[in-house]
Amino acid sequence: MNKYNPQKIEKKWQKNWEKSGFVKINKDDDSKQKFYILDMFPYPSGTGLHMGHTESYTASDVFYRFKKMQGFNVLHPQGFDSFGLPAENFAIKTGIHPSETTRKNMENYIQQMKSLGFAYDFDEQAVTSDPGYYKWTQWIFGKFFENGLVQKKTQKTNWCSSCQTVIANEQVADGKCERCGTEIIQKEVPGWFFKITDFAEDLINDLDKVDWPEHTRKNQRNWIGRSEGAVIKFPISNFQFPKNNPISNDKKTNQFIEVFTTRVDTIFGCTYLVVAPENALINEQRAMINNYTEVEEYINTAKNKTELDRMEAKDKTGVEIKGIKAINPFNGEQVPVFVADYVLGGYGTGAVMAVPAHDERDWEFAKKYKLEIRQSIAPVFFGVGENAVREDKENTERSTVDVIIKHWEKDEYFGLKWKYNGWKTFVIGGIEKGESPEEAAVREAREESGYKNMKVVRRIGGEMHSNFFAVHKDVNRFPVKRRCVLIELTDGEYENPKEEHIKNHDGVWIRKEEVEDFLTIPETKICWDIYLKGERAFVEDGTLIDSGDFTGLSSKEARSKMIQWLEENKSGKRKINYRLRDWSVSRQRYWGCPIPIVYSPEGEARFVGEENLPWTLPLDVDFVPTGVAPLAKSEELKKRVEDIFGNGWIAEYDTMDTFVDSSWYFLRYPDPKNEKEFCSAERLKKWLPVDLYIGGAEHTYMHLLFARFFTKAMKKIGLLDFDEPFLKLRHQGMVLDKAGKKMSKSKGNVVNPDDMTRKFGADSVRTYMLFAAPLEDEVMWNEENIIGVYRFLDKVWRMQTRIKMNNEKDGSRISNFQFPISNQFLSSNDKISKLTVSVNRTIKKVTEDIENLKYNTAISALMILANEFEKQEKIASVHYSKFLILLSPFAPHITEELWSSFAKATADEGKYDKYKESIFLQSWPEYDEKLIADMSIEMVIQVNGKMRDKMSVSADISEDDAKQKALSSEKVKTHLSGEVKKIIFVKGKLVNIVV
RNA sequence: GCCGAUGUGGUGGAAUUGGUAUACACGCACGACUCAAAAUCGUGUGAGCUUGCUCAUGAGAGUUCGAGUCUCUCCAUCGGCACCA
């Protein structure tokens, strides 16, 4: 036997597999069930495949081999997302054309993938920069164009001055360009937008249909950011049509300021309005604005702020628009209007009603500019237990005051301990008719504390409501309107309080730091918290106060009633808003898919037409970015357009965001060479949607969202008949260095898959990647640990000398090793060996674990079985062969080699050809449930839940027998000090004796 | 600030979903083989002590006969979002 030499056997089998056409599938074979497993295809960068790819692609390769052996017709394709900036930037530096760089890099990637043993069919790729591919990107763009799903808009967009191009919201990180780190500025650029917002609702709802990680779905939902609310029209008090604009009447004018809010219920607390600097109102109302210069100046500074400036701005700024007022439709009140950049132009209506009492941002702004803060929602507390509000009891209203009394010289506060219910509170008392809260507070403080001299400091917080059932009065207190007043004693003059005031409670002084723990009911805790930390906006739901006819409603009720009111009075309506913006796809760069649009001499945009596709990327272009799209410099393109469309026609010079290319690539794989269609109808129907998609979590937002949008948009125009592209999605975790740090070039801790493969062999690299941690967790790449996997494979290798080839009785050639492997373990009269049970169990475990992508525990189960084999003098070939198949998805090369050599050795004459067949043509072993359940089990005996002894019993032991046996255990007896109270029996598991 | 995830030996990680905590692997220690080394194999390895008991799954409480697992509060780390009204 030779030594295990991974390098030698791996190369051999990689070549063999390629030659044998093992990687090819018949895509029209209907005799088997289909399975479509997809990888996120790589961008072919100059640095080659990284460890993240290696893990992800290994994970899918394992699943592919597993499913294939289970008898599925499995499509597991690979391709390249080959348009993109790095190749172009490299071209700018070196003058080498991106197509050349890209081609080279792809070749390198393919070599790397082959050397890891990935079984892709590279004849059936999708390469986005290939005209045969991007022809269909353009064709789909054309379809979207014809169906109004893409439109040209001029919009403030994120501009990267280093990349000299627009980038999508999703590509801005920390106000900087995700790619190059340059600060993003806002720039008005005309460009093409996909109407992804049309699908916002479906993009949220259909997440319920797919089997994706919960956090990914949640992130998508948050990104889309649905919020339900209302648009409300605030009439402008002294609105005038601009004198020089006679058409104002039928144009959209600003007789109203429209605001969007999710909190209509707070509208009686609205004390001003704010419009975003971008809001058209300002310009339209110019004539009416008294301080236009000031307003204009503010708008200009706001405009010049970069994303970063805006994000870093601590203080809210703004300017009142003098000369106009807005009228609150609910109460007719006139409120001032401000322009401030804390309101975003691009969201909602670009204007908000400000309710400082109930919104943190408005609160901050109102404090700074000393604007009125008016409470309209009261926090509500409900009694619990016996104090819960009772439906059948009368509701009575009350007004009370909580009095925080501060000691005259010490930092102590006066509290009450209640005798009948254990409450600990401040002084609480009713506000009598005609009394102000302050007057009531002073009166109550004197009555209940006995101290005489004090001064009112201030109110604490606003109105709060308590709703509860007062047991001793047999009525509901519904509501108790509470106020809180802070009082400071001026001296210690004291007189014993009257008995009637103190019979229910004792008064005590509490040190400041102990007050919080002293208080027992949430209402007073909140008063105290506000006293300590200061006033703030109350942003939660509650009960409406001082809100006209709506007073007393809960926030929730009020929202629906108020929206109804708005609709009846034509002052607004229900509205759902999304954070998601339309997807800007125009890029002023070269190495991308040309946008297949031409402009007539009148400037009208037109699709170039299917007959002119692919609308090729011109070659006579200088890449150096100048802010003008590179394609504008192409003579060839200019000539092409004029030849086809006539003089005066011009091409669209922008190319598409590369996310467009990757938004449909999974549709191409089933039919990548089709020149007539992006994919034939039959193949689409057969293969899509994707059954399992594996890739990095960094694509949670953009790629997955865009691909889902494409699917929905294409379905809408009849190109597809399903609405979610990826039925099941799993992420692989990041590969970190052994210290748990991200790998990066600058840190110099990048591990290269090639080096690892050369050092340990592909099988070890593959197996270790999946063994080291659960797939979705981070893997710390530790070269010291990979040795364990290598040893395991080496052990498997050396085991081949101990396979039992011959029948022990007569020395004849064994009979139980047959091809294809029989799923029958034993004939009926065979004795079941312990090893047979182990093998059976391992088959079950590995099968289920792979199915659930729990590769780490599958590998561990294989190691356990190998360790058991190791203890045997001889290993039955029937066991060993099954073990090899179970291991083969992880370590394809070594298992194929072992399969071929021992299959040959055990072959009967004449059957040899069959034995030569690849291990991957064998079928996946099945297990026998009957052999998994042990006849006898170890039953645990616990005393008070602690394990004290074990007993070996038959699996179906009766409850009584088990209890008897447990009680007779010597070890158990020493723990049975008292009387046995109870015995718990869990079938097949344990007996728990409670003393 | 908000949302999400995670927290188990010296290390990576297991734990049938409420039932023997620490599987498997790395590392370490000792032993076998060897002139020696490597490789391999074997044994041991959560902590503490009174050596058969106590304590251990970020901290604290709770539910339960029984909690790594469920509930609440807090802490730490990581990731994402960040004026979205």
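The values are calculated or read from the model by the stated rules, or taken from the named source; none is laboratory data. Because the structure is a prediction, the values reported are computed rather than measured. As a convention, Cβ positions derive from the backbone with ideal geometry for all residues, glycine included, and neighbour counts pool all protein chains shown.
Counting just the residues of segment A:285-295 that are surrounded by 15 or more Cβ atoms within 10 Å (Cβ to Cβ) and touching a helix residue (DSSP H, G or I) at 6+ places or on another chain (Cβ under 8 Å), which one comes out farthest from A:Glu183 (Cα to Cα)?
The extreme case among them is A:Ile289.
I want to confirm something. Restricting to segment A:687-708 and keeping residues that are at pLDDT 90 or above and among the aromatic types (Phe, Trp, Tyr), which single residue is nearest to A:Val210 (Cα to Cα)?
A:Tyr693
Given the residues A:Gly229, A:Gly181, A:Gly191, which is the only one that is within 30 Å of A:Gln588 (Cα to Cα), more than 22 Å from the chain's Cα centre (by Cα), surrounded by 13 or more Cβ atoms within 10 Å (Cβ to Cβ) and of a type in the set (Gly, Ala, Ser)?
Only one candidate qualifies: A:Gly191.
In this structure, is A:Asp315 surrounded by 20 or more Cβ atoms within 10 Å (Cβ to Cβ), over 30 Å from A:Arg443 (Cα atoms) and within 15 Å of RNA strand B (Cβ to nearest atom)?
no
What tally of residues in segment A:691-702 results from selecting those that are touching a Ser or Thr at 6+ places or on another chain (Cβ under 6 Å) and part of a helix (DSSP H, G or I)?
0
How do the strands (runs of 3 or more DSSP E) wholly within segment A:937-995 filter down when requiring 1 or more residues that are under 49 Å from the mean Cα position of the chain (by Cα), surrounded by 12 or more Cβ atoms within 10 Å (Cβ to Cβ) and without any contact (Cβ under 8 Å) to a residue 24 or more places away in the chain: which remain?
Ranges flagged: A:946-954, A:982-986.
If A:Met756 satisfies every condition in (1) near RNA strand B (Cβ under 7 Å from one of its atoms); (2) assigned to a helix (DSSP H, G or I); (3) among the hydrophobic types (A, V, I, L, M, F, W, C) but one, which is the exception?
For A:Met756, the exception is condition (1).
This table checks each residue for (1) hydroxyl-bearing (Ser, Thr, Tyr); (2) within 15 Å of RNA strand B (Cβ to nearest atom).
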site	(1), (2)
A:Tyr693	yes, no
A:Ala697	no, yes
A:Leu704	no, yes
A:Ala707	no, no
A:Glu724	no, no
A:Arg730	no, yes
A:Asn752	no, no
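Could you run through segment A:851-890 and say how many residues are over 20 Å from A:Glu926 (Cβ atoms) and either touching a Leu at 6+ places or on another chain (Cβ under 6 Å) or more than 16 Å from RNA strand B (Cβ to nearest atom) (or both)?
Total meeting the criteria: 2.
Got at least one residue in segment A:567-583 being away from RNA strand B (no atom under 16 Å from the Cβ) and under 37 Å from the mean Cα position of the chain (by Cα)?
Yes: segment A:567-583 contains one or more residues that are away from RNA strand B (no atom under 16 Å from the Cβ) and under 37 Å from the mean Cα position of the chain (by Cα).
From A:Val380, A:Val384, which residue is more than 30 Å from A:Tyr298 (Cβ to Cβ), under 34 Å from the mean Cα position of the chain (by Cα) and more than 13 Å from RNA strand B (Cβ to nearest atom)?
Of the residues listed, the single one that is more than 30 Å from A:Tyr298 (Cβ to Cβ), under 34 Å from the mean Cα position of the chain (by Cα) and more than 13 Å from RNA strand B (Cβ to nearest atom) is A:Val380.
Given A:Ser600, A:Ser634, which one is modelled with pLDDT of 90 or more and crowded, with 17+ Cβ neighbours inside 10 Å?
A:Ser634
Would you be able to tell me the number of residues in segment A:422-440 that are assigned to a loop (DSSP other than H, G, I, E, B), of a type outside the set (Lys, Arg) and either exposed (fewer than 14 other Cβ atoms within 10 Å of the Cβ) or at pLDDT 90 or above (or both)?
7
Could you tell me which residue of segment A:686-726 is nearest to A:Trp223 (Cα to Cα), considering only residues that are touching a residue at least 60 places away in the same chain (Cβ under 8 Å) and among the small types (Gly, Ala, Ser)?
For segment A:686-726, the residue satisfying everything is A:Ala697.
Here's the yes/no breakdown for (1) out of contact with any strand residue (DSSP E or B) (no Cβ under 7 Å at 6 or more places or on another chain); (2) under 21 Å from A:Glu88 (Cβ atoms); (3) assigned to a helix (DSSP H, G or I); (4) of a type in the set (S, T, N, Q):
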| position | (1), (2), (3), (4) |
| --- | --- |
| A:Gly592 | no, yes, no, no |
| A:Pro601 | yes, no, no, no |
| A:Arg606 | no, no, no, no |
| A:Pro614 | yes, yes, no, no |
| A:Val621 | yes, yes, no, no |
| A:Pro625 | yes, yes, no, no |
| A:Val628 | yes, yes, no, no |
| A:Ala632 | yes, yes, yes, no |
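Could you please find all residues in segment A:114-124 being within 30 Å of the chain's Cα centre (by Cα) and surrounded by fewer than 21 Cβ atoms within 10 Å (Cβ to Cβ)?
A:Tyr120
Of all the residues that make up segment A:266-280, how many are under 14 Å from A:Lys322 (Cβ atoms) and either among the aliphatic types (A, V, I, L, M) or more than 16 Å from RNA strand B (Cβ to nearest atom) (or both)?
Number satisfying all stated conditions: 2.
Take the conditions more than 23 Å from A:Gln78 (Cα to Cα) and hydrophobic (A, V, I, L, M, F, W, C) and apply them to A:Ile694. Does it pass?
no
From (1) buried (at least 20 other Cβ atoms within 10 Å of the Cβ); (2) within 21 Å of A:Leu684 (Cβ to Cβ); (3) in contact with a Phe, Trp or Tyr (Cβ under 6 Å, 6 or more places away or on another chain), pick out the condition that doesn't hold for A:Met40.
(3)
Across segment A:765-784, what is the total count of residues that are outside any loop (DSSP other than H, G, I, E, B), closer than 22 Å to A:Asp849 by Cα and either near RNA strand B (Cβ under 6 Å from one of its atoms) or touching a residue at least 60 places away in the same chain (Cβ under 8 Å) (or both)?
Adding up the residues that qualify gives 8.
Sort through A:Lys673, A:Lys712 and tell me the only one that's of a type in the set (Lys, Arg), crowded, with 16+ Cβ neighbours inside 10 Å, closer than 18 Å to A:Ile140 by Cα and more than 16 Å from RNA strand B (Cβ to nearest atom).
A:Lys712
Only one of these conditions is not met by A:Thr261: (1) in contact with a strand residue (DSSP E or B) (Cβ under 6 Å, 6 or more places away or on another chain); (2) modelled with pLDDT under 90. Which number is it?
(2)
Among A:Lys433, A:Lys367, which is free of Cβ contacts under 8 Å to residues at least 24 places away in the same chain and within 16 Å of RNA strand B (Cβ to nearest atom)?
The match here is A:Lys367.
Taking into account only those residues within segment A:497-548 that are among the hydroxyl-bearing types (Ser, Thr, Tyr) and under 21 Å from A:Asn467 (Cβ atoms), which is surrounded by the fewest Cβ atoms within 10 Å (Cβ to Cβ)?
In this case the residue turns out to be A:Thr520.
Working only within segment A:321-370, note down all residues that are part of a loop (DSSP other than H, G, I, E, B), under 20 Å from A:Asp265 (Cα atoms) and over 30 Å from the mean Cα position of the chain (by Cα).
Across segment A:321-370, the qualifying residues are A:Asn328, A:Pro329, A:Phe330, A:Asn331, A:Gly332, A:Glu333, A:Val355.
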